[in-house]
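Right, one structure below, let's go through it.
Bear in mind that the values in this text are calculations on the coordinates, not laboratory data. A quick note: this is a predicted structure, and the numbers were derived from the prediction, not measured. For neighbour counting, all protein chains shown are included, and Cβ atoms are generated from backbone atoms with ideal geometry for every residue, glycine included.
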Amino acid sequence: MTTTLSARPESAESLALLASRRFGPFFATQFLSAFNDSAFKNALVLMIAYRVDRTAALSAQLLIPLAGGLFTLPFFLGSATAGQFADETDKARLVRLIKLSEIPVMLAAAAGVLAGSTVTLLALLFVMGVEAAFFGPVKYAILPDILASDELVLGNAWVEAGTFLAILLGTIAGMLIAAPYGTVLVAVLIVAVALAAWATSLLIPATGAAAAHHRMRWNLIAATAEILSEAARERLPFRAMLGISWFWLAGATYLSQFPAYVRFTLGAREAVVTLFLVVFSVGIALGSLACSRLLRGQLSLRPVPWGAFGIALFSSDLWLASARPAAGAALAGLLPFLAAPAHWRILADLLGISLSGGLFIVPLYTLLQAASARERRARIVGANNVVNAGAMVLSALATMALLAAGVSVAELFLITGLASLVVAALFRLALPGFPVGLPPAEGK
């Protein structure tokens, strides 16, 4: 399927869009938001891991997954209502309200960091999850309102690239908690970034409400069931939704297992885990921007099966390249790890997987937006967020089951790659069935 949205010059137009009044403030807002979420979560996890009293009733082993669950739960409960609300509200105004509400939350979080109160920070992490659940539908539904039709692919590429780089930088910033005066540094940082995100949100151009006011469903379960049923009837968006959910399922599998893979399969230290996160995040960003350059302003699903095939190919080679260290060998630091030529093959495979992921995801998010009617686009994106959250939970459950059954982490990566091969085949077979007459995006 290829829908021509018109071709544009490459590098100059790409940077011009990023600097434009229409897109720049929104990009900065979502980048700073992703950074702050990541920095806060990582700082909290490190506080739990290294500062929880050993005599506390709840161990760090329980608190760390609890933290992840508290942030994810609101996406299940609130995404449907958030999507309904976003469709009936000026999306730029809604972003400003969400970012304004984040400032007192981050002030409270800063106080919790300084006090070392894990309970307070866990509660605030749930509140941040609620805010993220309401921001999620707006983040993607607003793009067709502020971008021209031929800018939509590029806009999605920048958003995906920015999100993963922001998460990476936020993860690194969260490590400041372990530095001298780390609590003060993190407390000041998260409040400053929250203020900056609100300031940039003030510059996002107004979009107007997409739909007439309808009765809101505040029964979260009923609203979620209704929005999922509605999304399932939307053939193109629903297929895009399933593909996006596979991306997050596979990505969650890799990201969650990097520490164990580095420690027990490669016999390396924590710095190598950070290197893996850098390579993976940069690869997603480069793959996303490369997809935009490849499509040249066209909305096409043709990169999707190739992206899935790339994930399968490089995952398989990663399994082949994964040799266990000798028993009793000392853990390798970053420089000794990089000194081994075999490890460069592993890094190349990791980069190939993430580059392929960028090629895979950008057309699907663009299709989700372009094929959804404006008056219900945010609800469709909200449904997508619910399904994505479910996919990540499924990833966690499947990973635990396979590891408990004796599957190694390297074999888990191979299984993920083989499953991606099936995804590639399904999308390749489905391509001829996609109509080419998508509704145009509403651009400025």
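Assorted remarks:
- Convex hull volume of the Cα atoms of the range 234-391, normalised per residue: 109 Å³.
- Look at the dipole of the chain built from charges on Cβ: of Gly170, Ser229, Gly136, the Cα furthest out on the positive end belongs to Ser229.
- Label-to-label distance, nm, for residues given as Ser20 and Ala430 (7 Å Cα→Cβ offset): 2.9
- Rounded to the nearest 0.05, the FRET efficiency derived from the C-beta distance between Leu185 and Ile103 at R0 = 25 Å is 0.85.
- Ellipsoid equivalent to the range 17-207 - semi-axes via the Cα gyration tensor, in Å: 31, 17, 14
- Rel. contact order, % - alpha carbon contacts under 8 angstrom, at least six apart, the range 224-437: 39
- Helical contribution to [θ] at 222 nm, DSSP H n ≥ 4, -39,500 (n - 2.57), averaged over the chain, rounded to 500: -26000 deg cm²/dmol
- Between Ala323, Ala404, Ala206, the residue with the greatest mean-square fluctuation in the GNM of the chain (Cα pairs under 10 Å linked by springs) is Ala404.
- Relative contact order for the range 58-182, counting Cα pairs under 8 Å that sit 6 or more residues apart, in percent: 33
- Using C-alpha pairs under 8 Å with a sequence gap of at least 6, the mean separation divided by the residue count of the chain gives a relative contact order of 29 percent.
- Nearest-20 debye value, the chain charge dipole, Cβ charges on Lys, Arg, Asp, Glu: 160
- Percentage of interatomic Cα-Cα distances in the range 226-273 larger than 16 Å: 57
- The range 308-378 and the range 83-156 have their alpha-carbon centroids 28 Å apart.
- Computed from point charges on the beta carbon alone (+1 for Lys and Arg, -1 for Asp and Glu), the dipole magnitude for the range 17-207 about its Cα centre is near 400 Debye.
- Cα gyration tensor category, rounded, prolate or oblate, for the range 69-130 with a/c compared to 1.5: oblate
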